[in-house]
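Presented below is the structure to which this report refers.
Readers should treat all values here as calculations from the given coordinates under stated rules, not as data from a laboratory. All of these numbers come straight from a predicted model, not from anything done at the bench. Here the Cβ positions follow ideal geometry from the backbone for every residue, glycine too, while neighbour counts run over all protein chains shown.
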Amino acid sequence: MQVAGLVLPVFAIIVTGWLAGWLGYISRSLADGLVHFAYNVAMPALLVVTIAQEPASNLLEWRFLFAFGGGSMLCFALVFLVVRMAFGRDLASSTMQGMTAAMTNTGFVALPVLHSIYGQPAVLPAAIATVFVAAVMFPVTVILLESSGRGAPGAASPSTLVKQILLNPMVLSTLIGLAWAITSLPIPAPLKAYLNIFAAALTPCALFAIGLGLSIEGVRANLNASLVLAAVKLVLMPLLVYGLCVASGLNPFYTIAAVICAAVPTAKTAYILAGAYKVEHSLVASTVSITTLLSVVTLLGWLYALQGLAAKAE
């Protein structure tokens, strides 16, 4: 009940957003505007103000990167190989299905959830996971899709990829926070208050936008395949990450953060890529919707299973 009391209000915001759209109280078209505000303004503000105040020695936890990053890539490789070898699908389809099972929505779900439950300290590992998705998984996906011949000319050129990565709001704000942390200078009080005002808007804005943009109709398409990918995303991937956390001796707090980052729904980035490259678009859309819906239950289960670690972390 204690875990439920922490998590259910978070998902109640998503449900409220969905009800507002379903009932026509707020137009679903506004979801994109909320997403842009949360992604480009509120989340960068939270990352800068949090990371800048961390001691530089705390910022690079290799065990966390090994566990979360390794689990993500293992999950991708597993699905990729099964789809490619067992079902004989082409490179583009195998890549897209692999990333649908492994590319996790750290920025819009894991970060707000961890922040609302564990407070400011949980922002740092969620930020690291978000940067890994943006700086590693996104380029890998684009390169593989380009290699399949699906892309537009020049879309995966080295300069374009570097620009996309460095100008990504998550990456850019993390680099700014890192640079400030290395100087060990305190953030001026007016600037800190300014950033915190925007940062406070992240959780309600991001979660409400997810619910507002959620379509039940999208769940019906490719239901069986989407359920399999959802099981891999919400159950197998967190198990892989947890195993790597234990193997590397990661501390309890970062272990919780790594598993929760792995256990959240598929990132909408996968849906955007599927549309841009015209590959498995309806399957990815269905999987994003299904993982978002099912994660209300599975994430609660993971938090309950990890409550022993939470006590140690405290």
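Quick notes
- Global size of region 230-314: 14.7, 47 Å for Rg and Dmax (C-alpha atoms, Rg to one decimal, Dmax whole).
- Nonlocal amide H pairs with T104, under 5 Å, H built at 1.01 Å: A267
- Projected label points at A77 and V296, each 7 Å from Cα along the beta carbon direction, are separated by 3.6 nanometres.
- When the Cα gyration tensor is reduced to axis lengths a ≥ b ≥ c, the ratio a/c is 1.5 or higher for region 162-314, and with a/b not above b/c it is classed as oblate.
- Debye-sum result for region 90-139 in log10 I(q)/I(0), which assumes one identical scatterer on each alpha carbon, at q = 0.13, 0.24 Å⁻¹: -0.36, -0.83
- The tail of the calculated P(r) for region 223-262, taken as Cα-Cα distances beyond 11 Å, holds 60 percent of the pairs.
- Sites A12 and S159 - FRET efficiency at Förster radius 45 Å, r taken between beta-carbons, to 0.05: 0.50
- Protection proxy ranking, peptides 256-266, 44-54, 26-36, 12-22, average beta carbon neighbours within 10 Å, highest first: 256-266, 44-54, 12-22, 26-36
- Global geometry of region 1-133, whether rounded, prolate or oblate, following the gyration tensor of its Cα atoms and the 1.5 cut on a/c: oblate
- Cα-based Rg and Dmax for region 65-157, where Dmax is the largest Cα-Cα distance (Å): 15.2, 46
- With kT/(6 pi eta Rh) evaluated at 20 °C and eta = 1.002 mPa s, and Rh the Kirkwood radius from Cα pairs, region 183-260 diffuses with a coefficient of 129 µm²/s according to Stokes-Einstein.
- Volume per residue of the C-alpha convex hull in the chain, rounded to whole Å³: 133
- Distance between region 63-109 and region 175-200 - C-alpha centres, whole angstrom: 34
- Annotation: for a label point projected 7 angstrom from Cα along Cα→Cβ of I143, residues of region 80-111 with backbone N closer than 19 Å are 80-81, 91-100, 102-104.
- With each label modelled as a point 7 angstrom along the Cα→C-beta vector, the W22-I176 pair spans 3.8 nm.
- The peptide list 176-189, 114-127, put in order of mean Cβ contacts within 10 Å with the highest first, becomes 114-127, 176-189.
- Region 174-265: relative contact order in percent, alpha carbon pairs under 8 Å with at least 6 residues between: 25
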